[in-house]
Structure formats: C-alpha cells, structure tokens
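Quick notes on the structure that follows.
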Amino acid sequence: MNRNIVCIGAGYIGGPTMAVIAKMNPDRKVVVVDINAERIAAWNSEDYSLPIYEPGLVEVVKEVRGKNLFFSTDIKGAVQECDIVFVGVNTPTKMFGRGSGRASDLQYWEATARSIKEYATGDKIIVEKSTLPVRTAAAMDAILNDHAKYTFTVLSNPEFLAEGTAIKDLLEPDRVLIGGPQTEEGLKAIDAVVDIYATWVPREKILTTNVWSAELTKLAANAFLAQRVSSINAIAGLCEATGADVDEVARVVGADKRIGAKFLKAGPGFGGSCFKKDVLNLVYLCETFGLHTAAEYWSGVIKMNEHQQERIVSRLFKEMFNTLANKKIALFGFAFKADTGDTRETPAGTVARLLAEEHVRITITDPKALVNARRDLADLDGIDYEIDEYKAVENADAIVLMTDWRHYPSLDWQRIYDSMRKPALVFDTRNCLDAVALRKIGFKVLNIGK
Ligand code: NAD
Ligand code: UGA
C-alpha cells in the first residue's frame, strides 16, 4: 500500500524534499503545510516565484504541483488524510532561559506534535526531518502517545542536503538515514519510510539504525564538516604568517584518501542556518551529560569560525592605513555561499557589522540575496544595496569578495579598477579570483591563507 504523506514546515527542507519525493512517488499524494500563509502562497504562485531559490527546484515543482504535490495552510485536513507525517519545522538556537545560546529551541516541534495528536483520526508514523537533539524522539513519543486514541511511531530521518545543490543531493544522495525503535512496530514503520526512498535510491544507500543513532548522526555529520572548515581556516592564518599557501596545503593534505579533498576550502568561515546551531547543540548535549572536555573541543570549532571574520577586518584595517572611517567598501556577495539567496549566519553579515563599527561606507551587491541582506541589516543606517557590481564599486576604496558567485572571476576587472579610488584593494576571501591578473591591472590583492 502506498501511503499518503504530509510534511509540516514548508521551508528550505520541507519544500525541496517533498517536491522530489512527490516526483519519485507519482502514486502518492504529498501535501506540504505551514502556518506561514505568505510562504504557502509563494509555493502556490502562478508564476512560480517560490519562497526559496534553489537550482532545479522550479522545474521539479512545475512537474508535480497540482498533480500529486500540494501546498496548503490546512494542517488539520492534511494530517487527517495522511499516514506518514514528516516534520520539517525550524529548530533554531534557543535564546532564552536554560541552555540559552546553545540548546535547540524545541517549541515549534512540540507545538507540531500537539497539533498532530489533536487532529489525528488514525494511527500515524511521525518522521523527524528537522535536526534535533538526541532523544527528542522520546519526548515526542511521550507527548503523542500519552492517553492517545491512536498509535504514533516516531522515526528519525535527518536530511543531509546542502543548499544550492539541494535537488541534486536529493536525487543522488550519498546515503539516506532512517532510525526507528527496534520493535516489531518500529521496524514496520522503518520499512514504510524505506519504501518512499527506494523508488529512486539504491537500497544499499538506505541505512537504518536505532532512533538515537540517527538523531546523533545528523549532529555529528554537521559537526565534522564544520570542524574541517575551521581546521583549514586555522591553518590559513599560519600560512599568511609563514609564506605557505593554504590552497596548496589543502590540495596535498586532501590527496590523502584517508583525509579526502572536500570541505578543505579556506574562506571567510562557515555560515548557513545549521553548522553553528548544530555544533552549539552538540556542545550543550555534551555539557548536559557532564562531558565538559568534549564540549570545549566542539566549542573551539565555533570560536575559530568567529575569529576568521575578525581577522578579515583586522587585515583590511592594517592594509588600509589603520583607518577605515568614511572609506567606501563594496562587499561582493552576501549569501552564505554561492547559488543560494540564504543569508542566515552569513560571514558577510558579521563583516558588514564590524565594518559599520569602523564607520565604513558600505555597499552590498549580490545576485540573489539583496532582499535578505536589507532585512538582516535593517538596524544599520547608510548601507547601500546595489545589484549591479559595476555601480557598486564606483569610487570604492576596496572590494571584499565574500561569496564565491561563479560570475565574479569573469567580471571586467579593468573597468572595475578604473572606476575605483586609488590605491584600489581587493580582498578575495574565497581565493576565487585570478590574483596575478588583478595585480597586473594595478590592484592590491589580499587572500585568505596566502
Ligand atoms: P525554515 O525556517 O526555512 O522552515 C521551517 C518552516 O516551518 C517555516 O516555514 C515555519 O513557518 C514552519 N513552521 C514552524 N512552526 C510550525 C508549525 N507549528 N506548524 C506548521 N509550520 C510551522 O527552516 P529549514 O531551513 O527548512 O530547516 C528546518 C529544519 O531542517 C531545521 O531543523 C534544520 O536544522 C533542518 N535542516 C535544514 C537544512 C537546510 O539546508 N536548510 C538541511 C538539513 C536539515
Ligand atoms: C550543510 C551540510 O553540508 C549539509 O550536509 C547539511 O544537510 C546542512 O548543512 C544542514 O544541516 O543544514 P549547507 O549549510 O547548505 O549544508 O552548506 P555547505 O555547503 O555545507 O556550506 C556551509 C558553509 O561552509 C558555507 O558558508 C560554505 O561557504 C562554507 N565552506 C564549505 C567553506 O568555507 N569551505 C569548504 O570547504 C566548504
């Protein structure tokens, strides 16, 4: 029997994941619901101006929306109609009370569990899609099954997609993880979720575990990735001090198959909605279980990351004659990485704020993230937002390249140089521009780790 699916939460995770599940399971009805009516309206918009930008997403939504994929605010109706409920609501870092600044804020999750229980008219499989602290499933189980008319089986199916490559990651995942209770009922529920993915993911890539391992694996996987970025950034500072080149070091270190080449790109530090939040969550869990040395170890990953943005501004300060006041600096890119409009925890935001403290006249340009940039920095006066890079650099003293948008290397850098104040400086924090060519034009060039 192919069971109908509802996903609660129509964000970066719920939207793309369910679009791909619907595409690959044409005989199932998939409904994505959210309390945010504006977001649902955007998912349903006639001209497909979807609430998030993700390469290939519009094509998938065009193929399935209205056929077997639906977006709605009717949470009650959708829950009643389905057998499997994915929950992909946000789980931000808690900013109050116990665990403030580290623990996950689980209020959205709990609210969701309570509405599922209230609306259900039959047994359901509840699937954690959000990233959650280990043992959240136990709390969910307690809320859902206490004095309940129906049986709710809670599974964990964390998502490993990265923004910008979400559709590719969903279509060709390295692995799919499904954790559940090791009981007869739990194993049956795991099978039901395996069936959804098995329509396109090879069986050997669908890994099943107990529910606690699945919850912890997601936090561990993000912590390992974040740790690699902080590790190479920690080496970058040493490269700058010694004449070594971080890209060369990374290439050779990564050629060791035991280490691997990915996630060794030095830069302005990691951003995005999850790395910081999930590492902080791991730190909090370690502390909760009295593992203070482990907590300190993982805290170092965050500390190193924050230091990287401070270092960028310190180097600019030094190279621009120890005063930045009233100078014009253009930030190239505000998204936390290329191919997304997402600006959550973007290093560019931190750098912009540090520059604003120095009374810099800031202009921000980004092909996809200007709306979010304006919203994020609404409390800062006097920042200009300009989609056109050539206009953004007029009379600027420096450019700080923050996001590795693919077209930046092929801009007309001579034209850019000609319209800037001299001496003209480019700080390429992603090491993606041709520094030799820029120096030939006349730019002073700074890089990370060189
Ligand atoms: P998001 O903020 O983009 O989307 C969450 C959505 O949930 C919002 O639209 C919000 O309105 C909705 N919501 C909140 N409470 C609700 C409720 N009670 N009922 C119905 N809808 C409700 O967040 P996201 O980026 O999609 O992340 C969601 C989860 O997925 C997080 O736990 C995150 O860690 C995890 N995750 C995200 C990514 C990613 O790339 N963004 C990758 C892997 C895992
Ligand atoms: C990350 C993980 O890669 C996903 O597997 C995970 O599902 C997701 O978090 C999540 O849980 O939300 P994402 O944050 O979308 O995905 O983006 P990444 O490609 O991981 O990049 C994160 C940050 O690290 C970016 O700011 C990026 O520029 C930076 N980064 C990445 C580097 O500075 N160097 C690298 O070598 C790699």
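Kindly evaluate Thr153 against the criterion of being within 15 Å of ligand 2 (Cβ to nearest atom), β-branched (Val, Ile, Thr) and within 21 Å of Leu106 (Cβ to Cβ). Criteria not met by Thr153.
Conditions tested, residue by residue: (1) open to solvent by 50 Å² or more (accessible area, probe 1.4 Å); (2) hydrophobic (A, V, I, L, M, F, W, C).
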{"position": "Thr131", "(1), (2)": "no, no"}
{"position": "Arg135", "(1), (2)": "yes, no"}
{"position": "Ser156", "(1), (2)": "no, no"}
{"position": "Leu177", "(1), (2)": "no, yes"}
{"position": "Val193", "(1), (2)": "no, yes"}
{"position": "Trp200", "(1), (2)": "no, yes"}
{"position": "Trp212", "(1), (2)": "yes, yes"}
{"position": "Thr217", "(1), (2)": "yes, no"}
{"position": "Ala220", "(1), (2)": "no, yes"}
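Scanning the range 377-432 for residues that are open to solvent by 50 Å² or more (accessible area, probe 1.4 Å) and of a type in the set (Gly, Ala, Ser) returns Ala378, Gly382, Ser410.
For the range 54-74, which positions are in a helix (DSSP H, G or I) and open to solvent by less than 30 Å² (accessible area, probe 1.4 Å)? Scanning the range 54-74 gives Leu57, Val60, Val61, Val64.
Filtered by the rule that a residue be assigned to a loop (DSSP other than H, G, I, E, B), among the aliphatic types (A, V, I, L, M) and in contact with a Gly (Cβ under 7 Å, 6 or more places away or on another chain), the range 380-413 gives a lone residue, Met402. With respect to the conditions (1) within 16 Å of ligand 2 (Cβ to nearest atom); (2) in contact (Cβ under 8 Å) with a residue 60 or more places away in the chain, Glu248 lacks only one, and its number is (2). All of (1) outside any helix (DSSP H, G or I); (2) over 24 Å from the mean Cα position of the chain (by Cα); (3) of a type outside the set (Asp, Glu) hold for Pro51 with one exception: (2).
Polar (S, T, N, Q) and without any contact (Cβ under 8 Å) to a residue 40 or more places away in the chain - does that describe any residue in the range 386-398? Within the range 386-398, not a single residue is polar (S, T, N, Q) and without any contact (Cβ under 8 Å) to a residue 40 or more places away in the chain.
One residue stands out in the range 237-277 among those that are basic (Lys, Arg) and within 16 Å of ligand 1 (Cβ to nearest atom): the one that is nearest to Asn305 (Cα to Cα), namely Lys276. Under 9 Å between Cβ atoms, which residue pairs at least 6 apart in sequence (or on different chains) link something in the range 260-276 that is of a type in the set (Ser, Thr, Tyr) with a partner that is part of a loop (DSSP other than H, G, I, E, B) and open to solvent by 30 Å² or more (accessible area, probe 1.4 Å)? Within 9 Å, the pairs are Ser273/Tyr12; Ser273/Asn90; Ser273/Pro92; Ser273/Arg344; Ser273/Glu345.
If only one of Glu118, Glu128 is in contact with a Ser or Thr (Cβ under 7 Å, 6 or more places away or on another chain) and among the acidic types (Asp, Glu), which one is it?
Values: Glu118 fails: in contact with a Ser or Thr (Cβ under 7 Å, 6 or more places away or on another chain).
After ruling out the rest, the residue left standing is Glu128.
Checking each residue in the range 303-336 for being of a type in the set (Phe, Trp, Tyr) and open to solvent by 60 Å² or more (accessible area, probe 1.4 Å) picks out Phe317, Phe321. When the test is whether a residue is open to solvent by 50 Å² or more (accessible area, probe 1.4 Å), at positive phi and more than 9 Å from ligand 1 (Cβ to nearest atom), Tyr48 passes it.
Applying a threshold of 7 Å to beta carbon distances and a minimum spacing of six or more residues, or different chains, the list of pairs starting in the range 363-376 at a residue that is within 12 Å of Ala392 (Cβ to Cβ) and ending at one that is among the acidic types (Asp, Glu) and open to solvent by 10 Å² or more (accessible area, probe 1.4 Å) reads Thr363/Asp384; Thr363/Glu386; Thr365/Glu386; Thr365/Glu389.
The values are calculated or read from the model by the stated rules, or taken from the named source; none is laboratory data. Small disclaimer: the values here were computed from a predicted structure and weren't measured. Note that each Cβ is placed from the backbone with ideal geometry, even for glycine, and that neighbours are counted across all protein chains shown. Accessible surface is based on the protein model in full, side chains and every heavy atom, while ligands, DNA and RNA are left aside. Shrake-Rupley method; radii C 1.70, N 1.55, O 1.52, S 1.80 Å.
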